[in-house]
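Notes for the one structure printed next.
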Amino acid sequence: MEREGNYLKSPDLLPVTHQQRNIGTFGFAVIWIGMAIVLAAFAIGGSAIMNLSLPMVILATLVGSCLIGVFMTLIGDIGIEHGLSFPVYMRAPFGTFGTHIPSLVRGITAACWFGLNTYFGALAINGILNLLFDFDNWFICFLVFAALQLFNTSLGIKSIERFADLAAPVIILISCWMYYTLADNATSQGKNIWTWVETPTTGFAAFTAFMVVVMANMGFWSTLAADMPSLSRFFKAPKNERNWFKRNKTQLVGSLIVMPITNTFIVTIGAVCYMAVASADPINALQQSASGFILGILLLMIVLAQWSTNTSANVVPAATIFSNIGGPKVPFWVGVVIAGIIGILAQPWNLFDVMVNVLLIIGGILTAIVGILFADYYLIRKRRVHVKELYELDGQFKYYKGFNIAGLVAWVIGGAIANIFSTYSSLVGFFVGAIVYYVLAKYWWFKKYPQAELVDPSDAKYLGITVGHNLDELFGQQAHAPLTDQEEDELVEQPDPLLEIKGAE
């Protein structure tokens, strides 16, 4: 088959080899600091403080952050072990064509988040320019800010880490400044920030309010939990390390320590912000509580926060997904441009008032995908994956005309039930999606479409970095480079136990 004829082998979607992984524990930690400082987290705190005291808001946020951090780390092992991105592995539970449906939902969601974050960053830039030069045109700021972010992301994943290295310490310092400024403002109004609640609740109502904050934090990051492999495939990890915890150290530190602490701090600022100025909008709050040089510095925090969040959490996943759908004719940088166009066309300046509810619904739907990925990767395949087949048009993951019906049915059921029980949406979506997929796939679908790694559960053949596999064996010397016809002919062929079964049929 000609290289150009197989859209599954888009160069940007081939597995990342061990030599190409360049992000370490510290690098991921600073990326997380940048990603976790996002304006929507302020809104969670502002909403939570209406019914819960600040200590309870902090506790609920930590619980939700740690729970979703566990999901992220579990799913991220797909990238660590096999060097695979989210849309590529999705071919296993959804099929080579079916993967595009849930992936597209995630990609569009990320692109819309890009537009929203860019809009607020543009408002902050406009505020800074207004202070310095009396300039007042937020739309021009929006277009320029969007272009700068897209250019930075197109340079590649390493440029994101380098930017985060610069932005993270600055953001931490300014966040502390912002917290103390708003806390003093609230205290001057006679409010004790640790006990004040706008409308206190008790009993079951208080528990419900607590769970809403837990689920809000889980739902907020559920999209990244689904496609964490798109980032984790670039993480450094030791070869021949069978200890799951040691192999995933970079993820564990970032998603279970750095993210919960940073996210909780930002949610706390949102709560204090509401106490101080009766609004969780940080730009509005800053303009009411600061002026001059201090206001300019604090607005700069908004700009840095949106930039670092957008690159890692929104543009990279969206661009990877669009590249997967478009194949070799849509390289990563084109996917970046598509994400930017969608973010602009979404008109975030009109969309923000209704987008929060829409994104919470989509977040609940995507949580079901996390459960499906967990069931497919851990419970059914036991982390063994026939990687080469993920890139074959007529391989084992073609299923029925490119669709894995078990995955699609589980996704619909899990997403629907998650939104029926919205107070517990993230947990319901995860467990329902996982259970329904496990039953349908194991006892029905994979009986019809046998999987090599299930027929012959060989660690040596189907595990990756755990057994020291170098993906160059399958995809040439550079996994991200296009393969020549000769290189394709020279791919290492492994005995496929499915051949005997297919022959018997």
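Looking only at residues in region 455-470 that are more than 29 Å from the chain's Cα centre (by Cα) and of a type outside the set (K, R), which one is farthest from E81 (Cα to Cα)?
Once the filter is applied, the top-ranked residue is V455.
When you go through I321, I325, I341 one by one, which is the residue that is modelled with pLDDT of 90 or more, assigned to a helix (DSSP H, G or I), farther than 30 Å from N185 by Cα and among the aliphatic types (A, V, I, L, M)?
I341
Give region 12-34 a look and list any residue that's within 17 Å of V316 (Cα to Cα), of a type outside the set (K, R), open to solvent by 10 Å² or more (accessible area, probe 1.4 Å) and part of a loop (DSSP other than H, G, I, E, B), or say none.
Listed by number, the list holds a single entry, N22.
Out of all the residues in region 92-104, is one or more farther than 24 Å from K442 by Cβ, open to solvent by less than 10 Å² (accessible area, probe 1.4 Å), modelled with pLDDT under 95 and not charged (D, E, K, R)?
No - not one qualifying residue is present in region 92-104.
From the residues in region 398-448 that are among the aromatic types (F, W, Y) and in contact with a Phe, Trp or Tyr (Cβ under 9 Å, 6 or more places away or on another chain), which one is most open to solvent (accessible area, probe 1.4 Å)?
Y400
Which of the residues belonging to region 345-381 are open to solvent by 50 Å² or more (accessible area, probe 1.4 Å) and at pLDDT 95 or above?
Matches in region 345-381: L379 only.
Could you figure out which of (1) buried (at least 24 other Cβ atoms within 10 Å of the Cβ); (2) at pLDDT below 90 isn't true of A122?
Just one mismatch for A122, condition (2).
Looking at this structure, is L116 open to solvent by 10 Å² or more (accessible area, probe 1.4 Å) and out of contact with any His (no Cβ under 9 Å at 6 or more places or on another chain)?
The answer is no for L116.
Does I413 meet the test of being at pLDDT 90 or above and closer than 19 Å to F71 by Cα?
Taking the combined requirement at face value, the residue does not satisfy it.
I'd like to check something: does region 140-150 contain any residue that is of a type outside the set (A, V, I, L, M) and either at pLDDT below 85 or under 20 Å from the mean Cα position of the chain (by Cα) (or both)?
Yes; the residues of region 140-150 include at least one that is of a type outside the set (A, V, I, L, M) and either at pLDDT below 85 or under 20 Å from the mean Cα position of the chain (by Cα) (or both).
If the Cβ limit is 9 Å and pairs must be 6+ apart or interchain, which residue in region 169-192 that is more than 16 Å from V258 (Cβ to Cβ) pairs with which residue that is basic (K, R) and loosely packed, with under 14 Cβ neighbours inside 10 Å?
Close Cβ pairs (under 9 Å, with a partner that is basic (K, R) and loosely packed, with under 14 Cβ neighbours inside 10 Å) do not exist here.
So S291 fits all but one of (1) modelled with pLDDT under 75; (2) over 23 Å from C112 (Cβ atoms); what number is the exception?
Status for S291: all satisfied but (1).
The values are calculated or read from the model by the stated rules, or taken from the named source; none is laboratory data. Remember, it's a predicted structure, so these values are computed and weren't measured experimentally. Please note: Cβ atoms are built from the backbone with ideal geometry, for glycine as well, and neighbour counts cover all protein chains shown. Surface areas here come from the heavy atoms of the whole protein model, side chains and all, with no ligands, DNA or RNA. Shrake-Rupley method; radii C 1.70, N 1.55, O 1.52, S 1.80 Å.
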